[in-house]
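Encoded as C-alpha cells, the structure appears first; notes follow it.
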Amino acid sequence: MRRLHRFIAVVFLIVAYGLLPLSAMAGPGHDSLELAQNVGTIQDIIVEGTQRIEPDTVKSYLLIQKGDSFDPARIDRSLKSLFATGLFADVTLRQQGDTLVVNVVENPVINRIAFEGNVKLETSELETEVSFRPRVIYTRTKVQNDVKRILNIYRRSGRFAATVEPKVIQLPQNRVDLVFEINEGDLTEIRSIRFVGNRKFSDGRLRSVIQTKETIWWRFFSSDDKYDPDRLTFDRELLRRFYLTDGFADFRVISAVAELTPDRKDFFITFTVDEGARYRFGIVEIDNRLRDLKVEDIAEAVEIEEGDWYDIKMVNKTITDLTNKVGELGIAFVDVRPRINRNRENQTIDIVFEVNEGPRVFVERIEIVGNVRTQDKVIRREFRLVEGDAFNSARLRRSRQRIQNLGFFESVSVERLPGSSPDKSVVKVNVEEQSTGQLSFGAGFSSTNGILGDIRITERNFLGKGQEVALSLTVAALKSEVDFSFTEPYFMGREIRAGFDLFRVSQDLQDSSSFDTDRTGFGLRGGYLITESLRQDWRYGFQVSKVSDVGSAASQLIRNEIGTETTSEISHILTYDKRDSPLLPTEGYVIRFKNDLAGLGGSVRHFRNKFTTVKFFPLADQWVLSLSGNAGYIIGLGEDVDLLERFYVGGDNLRGFASRGIGPRDSITKDSLGGEWMYTGSLQISFPLGLPEELGIGARAFTDIGSNGKIKPTASFVQDEGSLRVAVGTGLTWQSPFGPVGVDGAVPLVKEDFDITENFRINFGTRF
C-alpha cells in the first residue's frame, strides 16, 4: 500500500511538472513570461514587436538557439541578456508548439533634448554633462542619472535648492523629446562659520586661514562664500598646515559639518578641532651616511634653531636645502629623511636629518601632456634634466619652476612614474594652457603724464614657439609712444634670448624743463644665462632725438640744446637674481649693473653706468620688507653730456617730490636741467590691512632718499647743491576689477628750497 502511494505521488509530480509553465520576471513594466514546456526541441524562433531593430539582432542576444531543448535555465538567462542590452522596455518569451516566440517592446529613441528654466548656467554647459544625445536609446535609469548630474552642477555653483524634473513627450515612430524642467533656486550662501575646541586662535583668525568665507555684501566678486564640499576638504588641510607651522604637532580636525537650513538657502559650517600641545624644536642634528661627504659641508643648510616653535615648513625647507646642497657638491643620488622624536613631557621635538645614498635611478623618458598649442620643444628646453641623466629632485623642481615662469600655462605639475626597470624613471609633465594673447584698451591717469589711453596687442607664445610679439600705442596729455618688439627666447636653437625693438616717443616737458622732445629709433638685443642666477645681456641701440618748442624764456642751457642729435649706443647688463619669484617676490634679492657706451657713430658720445639692487625680507604672513637702491653716473667723452641723456630724479623714483623735482635747476627760469650722477634708496614695508584677500587691497609704508647733481658747464644761475633729500609716506594698492590703482602720500623731511614737492600721487587705469 505504501509503495502504491509513492508511485501515485511520483506520477502526479511528473504530470504537474510537464504542465508547469516557464516564466521569469523581466524588469520594470513586465508582468510575467508565458511558460515553455520542458519537452521537445526548438524548431524555430520567431521575434515579434520589433520596429527599428532587426529580428536577427534580437536572436543574436539569445543564449538558446534552434535545435536546443526548451531549457528553463537557458531561457531565463536569454531573457536577462535581452534586458541587459538596454534596447527593450519589456520582453516576453513563450513556447508555441515547437516554436520559441520572443515578444519585445523597444525603448524609444531620443529625438531632441531641451532644457527649460536655466538662466545661471548655459545650455551648452548642461549638454556636455548629460549622457543623452539625439538618436540615443531612452531609458529611465539614464534619465535619473542625468538628473543627478545636473543637480551636481548646480550644487557646485552654490545652488542646493535647485530641482530638475524630466518630461517625456511622445512622438510618432517610437520617438520622444526629453525636456529637463529646471528650477534653479537661490544661491545657497554660508551664513556662519564656527569653530569648536580652538583655544590658541580666535574664530576670526581661523576664518582668515580657510578659503571658505561667510557671506557678506561686498563678496560679489567671489564664490568663496558658496558652499563647496571639495573646498571644505581643502579647508581642513589649510587648518592643519596653519597649526603645524605654529608648533601644534598634534593638531587634528575632528569634524567639519555643513548644516543646511530647512529653507535650503543657507549653510551653517562648524569645524571641531583638537589643538593638542604646542611644541618647540629640541635637538637638531645631521646624521650623514655618505662616505664622500662631511657634515660641516652641509651644516649651513640647516636654519632651525633649538628652542624655536616647531614649524613643519622649516622641516620641509631643510630637507629641500640639504638635498640641493648635497647635489651642488656633485652627489647625484641622495635621500634626506627626518627622524622625529616627540617628547610629550618637555613638549619638544628632536629632529635628526638622515642623509643617505638614494637609489640609483636614471631618467628613461620625459613625457609632456596637455599642450595643444605650445610645441614640445618649448617645454623640453626648460628642463634641467634630459633622458639618460641621473634623477635629481632639485633639478626637477627647478625645471618645473622654469616651465611655470614661462607664463604659458595655468598649472604645471610634474610627477615621477616607474620606468621599464627599477633603476629607470619616467618624468611626466602635465600642463594646462592658458591664453597668452592679449588685445587690451586702457585708460587712466598719471601724475606724470596726465590723462592717458593706450592700445596694446601682445602674443607671448607666438605660433606656439615661445616667441613674444608686442605692439603698443600710448596717447597721453603729456606723452605719446609707439613701440613694436619681437623676442626669440632660443635664438638659433641656443639658450640666447634675442630680439629687436622699434619705437617713437614724443614728450611734453614744458612744465618741468620748458621743451618738447621726440625720439625715434630701434634696438637689437641678446642675452644668456651664465649660471641659473647670473644673466648677461647685450644691446645695440640707435636713435634720433630732437629738442624743440623751446621758448625764449627757457634756460640758456636748454636753448643751447635745440636741434637734432643721433645716438649710436652699445649696452651691457649683468643681472644676478635670487628672488623667489620675478612677479611677486617675498624674499631674496636682485643686483643689476648696466653700462652704456655711445660714440660708435652718431653725434652723442658718453659713458654711462647704473647700479640697481633690491632685497626682500619676509617678516610675517603677507608682510614683506624691501630695501632698494639705485645709483648712476655718466661722463661725456670729449664733450658735455647731452640734455636728454642726463639723470632726472623725482616722482616714481623719489616719492614726495615731483617728476624731475630735484637736481640741478635754473634759478631764474626754474627749469630742471638733470644731473650727471644720481642715487636713490627706499626702505618699504608692504602689509595687509586685514581686509578680505579677494578685495585685493594692500598697504605700504616707506622712506625714500635720493639726490641728483652736477652738470657741465657750470653757471652762476644754476642751483646745484647735490645734497641728500629724504621723504616718508604711506600708500595703498588696489587690484581692482578695472585695473591696478596706486595712491601714495609722502612728506619731504629734508629738501632744498628750489625743489618741487608733490605730496600726493595717484596712478590708475583699466584694461578691457
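The values are calculated or read from the model by the stated rules, or taken from the named source; none is laboratory data. These figures come from a predicted structure and were not determined experimentally. Positions of Cβ are generated from backbone atoms using ideal geometry, with glycine treated the same way; all protein chains shown enter the neighbour counts.
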Worksheet item: Counting only residues that are part of a loop (DSSP other than H, G, I, E, B) and exposed (fewer than 15 other Cβ atoms within 10 Å of the Cβ), which one in the stretch 489-511 is farthest from the chain's Cα centre (by Cα)?
Response: Arg494
Item to complete: Answer yes if at least one residue in the stretch 512-524 is exposed (fewer than 15 other Cβ atoms within 10 Å of the Cβ) and modelled with pLDDT under 90, and no otherwise.
Response: no
Worksheet, complete the sentence: Taking the stretch 534-555 and keeping only residues that are among the charged types (D, E, K, R), more than 20 Å from Thr567 (Cα to Cα) and assigned to a strand (DSSP E or B), one is left with Arg535
Worksheet item: Does Arg660 fit the bill of being in a loop (DSSP other than H, G, I, E, B) and either modelled with pLDDT of 90 or more or crowded, with 19+ Cβ neighbours inside 10 Å (or both)?
Response: yes
Practice prompt. Can you give me the number of residues within the stretch 125-149 that are among the β-branched types (Val, Ile, Thr) and under 16 Å from Glu106 (Cα atoms)?
Written response: 4
Worksheet, complete the sentence: All-but-one check, Ile573 against (1) surrounded by fewer than 17 Cβ atoms within 10 Å (Cβ to Cβ); (2) under 43 Å from the mean Cα position of the chain (by Cα), failing number (1)
Worksheet item: Of the residues in the stretch 352-375, how many are in contact (Cβ under 8 Å) with a residue 40 or more places away in the chain and outside any strand (DSSP E or B)?
Response: 9
Worksheet, complete the sentence: Quick count over the stretch 695-727, residues being in contact with a Lys or Arg (Cβ under 9 Å, 6 or more places away or on another chain), of a type in the set (A, V, I, L, M) and part of a strand (DSSP E or B), is 4
Discussion item. Given the condition touching a Pro at 6+ places or on another chain (Cβ under 7 Å), in the same structural domain as Thr612 (by TED's automatic domain parsing) and over 29 Å from Ser571 (Cβ atoms), answer yes or no: does some residue in the stretch 647-665 qualify?
Written reply: yes
Discussion item. Of everything in the stretch 259-278, what is in a strand (DSSP E or B) and either surrounded by fewer than 16 Cβ atoms within 10 Å (Cβ to Cβ) or out of contact with any strand residue (DSSP E or B) (no Cβ under 9 Å at 6 or more places or on another chain) (or both)? Give them in sequence order.
Written reply: Glu259, Leu260, Phe268, Thr270, Thr272, Asp274
Worksheet item: For the stretch 258-309, which residues satisfy the criterion of being aromatic (Phe, Trp, Tyr) and either more than 29 Å from Arg236 (Cα to Cα) or in contact with a Gly (Cβ under 8 Å, 6 or more places away or on another chain) (or both)?
Response: Tyr279, Phe281, Trp309
Worksheet item: Can Asp642 be described as modelled with pLDDT of 95 or more and acidic (Asp, Glu)?
Response: no
Practice prompt. Taking the residues in the stretch 455-469 that are surrounded by 18 or more Cβ atoms within 10 Å (Cβ to Cβ) and on the phi < 0 side of the Ramachandran plot as candidates, determine which candidate is modelled with the highest pLDDT.
Written response: Glu468
Worksheet entry | Top-ranked residue of the stretch 674-690 - restricted to ones that are over 16 Å from Asn630 (Cα atoms) and out of contact with any Gly (no Cβ under 9 Å at 6 or more places or on another chain), ranked as surrounded by the most Cβ atoms within 10 Å (Cβ to Cβ) | Ile685
Discussion item. Looking at Phe611, Phe617, can you tell me which residue is in a strand (DSSP E or B) and over 24 Å from Ala746 (Cα atoms)?
Written reply: Phe611
Practice prompt. For Gln347, work out the one condition from (1) farther than 29 Å from Asp423 by Cβ; (2) touching a Pro at 6+ places or on another chain (Cβ under 9 Å) it doesn't fulfil.
Written response: (2)
Response to the item:
Of (1) farther than 30 Å from Asp44 by Cβ; (2) not assigned by TED's automatic domain parsing to the domain that holds Glu237, Ser202 satisfies every one except (2)
Response to the item:
Within the stretch 716-741, residues among the small types (Gly, Ala, Ser), surrounded by 15 or more Cβ atoms within 10 Å (Cβ to Cβ) and modelled with pLDDT under 90 come out as Gly722, Ser736, Gly739
